[in-house]
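Undergrad: Please find one structure pasted underneath; my questions will follow.
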Amino acid sequence: DVKVTQSSRYLVKRTGEKVFLECVQDMDHENMFWYRQDPGLGLRLIYFSYDVKMKEKGDIPEGYSVSREKKERFSLILESASTNQTSMYLCASSDLGREQFFGPGTRLTVL
Amino acid sequence: GENVEQHPSTLSVQEGDSAVIKCTYSDSASNYFPWYKQELGKRPQLIIDIRSNVGEKKDQRIAVTLNKTAKHFSLHITETQPEDSAVYFCAAVVSGNTPLVFGKGTRLSVIA
C-alpha cells in the first residue's frame, strides 16, 4: 500500500519566517510533486522532481524552493512566508506517466 | 503547454440520478486521463483513468468516455449516492517526463 506522508497536518507561522514542509514516500517512486490547493483554483503545481537533486518549476514557483536530497523525500521551502501563502499544500508521488498518490496535506496559515 | 478546462464547477443532483462532469484538453498528444475524487478534509484519490487507445472504461457505477477528435473526456456517475458528494478533478498528461495538468474541479452534491 502506497504511503505518502507529510510532516504536519496544520502549521501556523508568522510573516517573514522560513518554513519547511516535508514529504516522504515509501514506494520508490521517481517523481514527486508539490501543489497548493485554494478554493476555486484547483490544484496548482509549484515544483516537481524526476530524480534526486533534480527539480523543475511548475506553474507558481515564485516564493518557493524545493530540495530532494534523497529519493524518498521532497521538501518545500518558503524562504520568507507571506500571508498570501496561506493555503493547503499537497505532496504527491508517482512512477512515470502513472497514477499520482497524494499525501494528506498540510494546512499552512501565515499570520 | 497543456490546458484542461472542467465544467461545471458545481453540480447538485438528487440521490439516484446520474451526474456528468466534462473536461476538455488542448494538447492532442495527451494520452493519459485520470479522474480524482477528494472528499471533504481528505486527500485526492484516483477513482478511474483512461488511456488514449480506449474510448470508454467502466467500473461499477463510474464510467469515463474519451473523444480524441474533439479533445474532451467525461466522467459519468450513475445511481448517485450521498457518499459520492465530493470534489472531482480531471487531469491530462502526455506520458513521459511531464506532470499531470488538472482541471479546477467540480463540487458534486448528492441530495438525499
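The values are calculated or read from the model by the stated rules, or taken from the named source; none is laboratory data. Since this is a predicted model, take the numbers as computed values, not measurements. When we count neighbours, we look across all protein chains shown, and the Cβ atoms used for this are built from the backbone with ideal geometry, even at glycine. Remember, those area values only see protein heavy atoms, side chains included, never the ligands or the DNA or RNA. Shrake-Rupley method; radii C 1.70, N 1.55, O 1.52, S 1.80 Å.
Undergrad: If you check residue A:21 against the conditions, is it modelled with pLDDT of 95 or more and more than 13 Å from chain B (Cβ to nearest Cβ)? Show your work before the answer.
TA: Working: modelled with pLDDT of 95 or more: yes; more than 13 Å from chain B (Cβ to nearest Cβ): yes.
Criteria met by residue A:21.
Undergrad: Of the conditions (1) surrounded by fewer than 20 Cβ atoms within 10 Å (Cβ to Cβ); (2) more than 14 Å from chain B (Cβ to nearest Cβ), residue A:54 fails just one. Which one is it?
TA: Only one criterion is unmet by residue A:54, namely (2).
Undergrad: Hey, among the residues in region B:28-45 that are more than 9 Å from every other protein chain (Cβ to nearest Cβ) and under 19 Å from residue B:99 (Cβ atoms), which one's modelled with the highest pLDDT?
TA: B:35
Undergrad: Here's something else I'd like to know. Mind telling me which of the residues B:20, B:4 ends up being among the aliphatic types (A, V, I, L, M), touching a residue at least 40 places away in the same chain (Cβ under 8 Å) and touching a Phe, Trp or Tyr at 6+ places or on another chain (Cβ under 6 Å)? Don't jump to the end; show me each part of the working.
TA: Details: B:20 fails: touching a Phe, Trp or Tyr at 6+ places or on another chain (Cβ under 6 Å).
So the residue among B:20, B:4 that is among the aliphatic types (A, V, I, L, M), touching a residue at least 40 places away in the same chain (Cβ under 8 Å) and touching a Phe, Trp or Tyr at 6+ places or on another chain (Cβ under 6 Å) is B:4.
Undergrad: Where in region B:1-62 are the strands (runs of 3 or more DSSP E), entirely inside, with at least 1 residues that are open to solvent by less than 70 Å² (accessible area, probe 1.4 Å)?
TA: Values: elements: B:4-7, B:10-14, B:19-25, B:32-38, B:45-51, B:56-59.
Hits in region B:1-62: B:4-7, B:10-14, B:19-25, B:32-38, B:45-51.
Undergrad: Right, next: So, in region B:90-110, of the ones that are in a loop (DSSP other than H, G, I, E, B) and within 7 Å of chain A (Cβ to nearest Cβ), which residue ends up farthest from residue B:77 (Cα to Cα)? Before the answer, list the steps.
TA: So the first thing to find is which residues in region B:90-110 are in a loop (DSSP other than H, G, I, E, B), and the list is B:94-100, B:103-105.
Filter once more, so that each one left must be within 7 Å of chain A (Cβ to nearest Cβ): B:95-97, B:99-100, B:103-105.
Numbers: B:95: 26, B:96: 30, B:97: 31, B:99: 26, B:100: 23, B:103: 18, B:104: 19, B:105: 15 Å.
Per the criteria, the residue is B:97.
Undergrad: Do we find that residue B:67 is within 21 Å of residue A:44 (Cα to Cα) and among the polar types (S, T, N, Q) in this structure? Talk me through it step by step, then tell me what you get.
TA: Values: within 21 Å of residue A:44 (Cα to Cα): no; among the polar types (S, T, N, Q): yes.
Against the criterion (within 21 Å of residue A:44 (Cα to Cα) and among the polar types (S, T, N, Q)), residue B:67 does not qualify.
Undergrad: Still on this structure, please answer the following. Looking at (1) open to solvent by 10 Å² or more (accessible area, probe 1.4 Å); (2) part of a loop (DSSP other than H, G, I, E, B), which is the only condition residue B:87 fails?
TA: Going through (1) open to solvent by 10 Å² or more (accessible area, probe 1.4 Å); (2) part of a loop (DSSP other than H, G, I, E, B) one by one, residue B:87 breaks only (2).
Undergrad: Being within 15 Å of residue A:102 (Cβ to Cβ) and surrounded by 13 or more Cβ atoms within 10 Å (Cβ to Cβ) narrows it down to one residue among A:35, A:47; which is it? Lay out the reasoning, then the answer.
TA: Working: A:47 fails: within 15 Å of residue A:102 (Cβ to Cβ).
None of the other options fit; the residue is A:35.
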